[in-house]
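Everything on this sheet refers to the single structure shown next.
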Amino acid sequence: MFITGVVPHLIGLLVFLAPVISVRGSEVRGFLGQSVTLPCRYSVRKNGETEMCWGRGHCSLLDCSQPLIRTNGKTVTEAISTKYHLDGKIEEGDVSLTVGNLREEDSGLYCCRVEITGLFNDQKDLFNLLILEGNSTQTPSPSSVSLTTGHGNHFTSNATEGQIYISK
């Protein structure tokens, strides 16, 4: 009796809360054979050091789908390959993902999920990585693009010599 009464209420609560869950997305471009960094930061002052993960595909409701790398808020605890690494100061909330030696199959969606205490509070940033063919005999002219994520983080991307660098 208890189960049949609780389940409909839980489903109703999830349906009611579903519109509140949001994922912000951005497009990032990288060149074959180079590296690219997908920016992701959270406020350690506000949320404390917390677990997070990067995964391929859309951000799922509870965890990273196709997980690539995980942290405990201080250090990387799991990585599926040396192709993926975090070069920022994890303990300060910089959990930006660097993808090395880009190949065509690296294109697609990436999700940064930071576990924030509370029901449905996780920070989820979605990136669509586009891989471009670069010609080693040509040097593209420098360009700069600014990006502000849905969580108020501002990044500037500078593209020179076939690489894209993203910095805060």
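Figures for the structure shown
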| item | result |
| --- | --- |
| Residue within region 87-104 that is among the hydroxyl-bearing types (Ser, Thr, Tyr) and touching a Pro at 6+ places or on another chain (Cβ under 7 Å) present | yes |
| Complete set of residues in region 60-82 that are part of a loop (DSSP other than H, G, I, E, B) and more than 13 Å from the chain's Cα centre (by Cα) | Leu61, Leu62, Asn72, Gly73, Lys74, Thr75, Ile80, Ser81, Thr82 |
| Residues being part of a loop (DSSP other than H, G, I, E, B), open to solvent by less than 40 Å² (accessible area, probe 1.4 Å) and either farther than 17 Å from Asp106 by Cβ or among the polar types (S, T, N, Q) (or both) - total across region 41-59 | 4 |
| Matching residues, region 89-121, being assigned to a loop (DSSP other than H, G, I, E, B), in contact (Cβ under 8 Å) with a residue 12 or more places away in the chain, within 16 Å of the chain's Cα centre (by Cα) and at negative phi | Val95, Ser96, Gly100, Ser107, Glu115, Ile116 |
| Residue in region 60-69 that is in contact with a strand residue (DSSP E or B) (Cβ under 7 Å, 6 or more places away or on another chain) and free of Cβ contacts under 8 Å to residues at least 12 places away in the same chain present | yes |
| Check on His85, under 19 Å from Phe127 (Cα atoms), open to solvent by 30 Å² or more (accessible area, probe 1.4 Å) and either touching a Phe, Trp or Tyr at 6+ places or on another chain (Cβ under 6 Å) or part of a strand (DSSP E or B) (or both) | yes |
| Of all residues making up region 88-132, the number that are closer than 16 Å to Thr37 by Cα and open to solvent by less than 30 Å² (accessible area, probe 1.4 Å) | 20 |
| Residue satisfying all of: in region 103-141; among the charged types (D, E, K, R) and more than 21 Å from His85 (Cα to Cα); modelled with the highest pLDDT among these | Asp122 |
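The values are calculated or read from the model by the stated rules, or taken from the named source; none is laboratory data. Computed from a predicted structure; not experimentally measured. Glycine also receives a Cβ, built like all others from the backbone with ideal geometry; neighbour counts cover every protein chain displayed. SASA here: full protein model, heavy atoms, side chains in, ligands and nucleic acids out. Shrake-Rupley method; radii C 1.70, N 1.55, O 1.52, S 1.80 Å.
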